[in-house]
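Have a look at the structure below, then the notes.
The values are calculated or read from the model by the stated rules, or taken from the named source; none is laboratory data. Remember, predicted model here, so these are calculated numbers, not experimental data. A quick note on method: Cβ atoms are made from the backbone with ideal geometry, for glycine too, and the neighbour counts reach across all protein chains shown.
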Amino acid sequence: MKPLSFHGFMGLMPSSSVGSKVSLYEPIHGSYPQAAGKDIANPLATVLSAAMLFEDLELTKEAEEIRRVVNKSLAEGIVTEDLAEGGKSYKTSEVGDWLAKNI
């Protein structure tokens, strides 16, 4: 896999805020309202946040599978513009469809 530039890392960082009654799983960067309706947002941090949720629910095999498919998308260059580094980029929906097909 080619090295990523710094600007792409934010789109890969999942997070969780775990409380005693409620937990929140989301990308560390939060929402991206500027991308609303444009099909350009990088979905990988959101997907990795889901993997964190699965792991917290002790669904470790499922969490590992999610991380595996995200790593495969990075290795194969199935990424949005922020990670494409001048190469081919895909729409949010295309990345999501690819992830779903390959999981």
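Annotations for the structure displayed:
- Qualifying residue in the stretch 41-49 (condition: out of contact with any Gly (no Cβ under 6 Å at 6 or more places or on another chain) and over 16 Å from Gly11 (Cβ atoms)): no
- A single entry from Ala45, Ala41 fulfils the requirement of being under 18 Å from Ala100 (Cα atoms), assigned to a helix (DSSP H, G or I) and either touching a residue at least 12 places away in the same chain (Cβ under 8 Å) or in contact with a Cys (Cβ under 8 Å, 6 or more places away or on another chain) (or both): Ala45.
- The single condition among (1) in contact with a strand residue (DSSP E or B) (Cβ under 7 Å, 6 or more places away or on another chain); (2) in contact (Cβ under 8 Å) with a residue 12 or more places away in the chain that Gly11 does not satisfy is (1).
- Residues in the stretch 81-96 that are under 14 Å from Leu12 (Cα atoms) and either of a type in the set (Lys, Arg) or at pLDDT below 95 (or both): Glu81, Asp82, Leu83, Ala84.
- Selection status of Glu64, in a helix (DSSP H, G or I) and modelled with pLDDT of 95 or more: yes
- Flag for Asp82 being charged (D, E, K, R) and crowded, with 17+ Cβ neighbours inside 10 Å: yes
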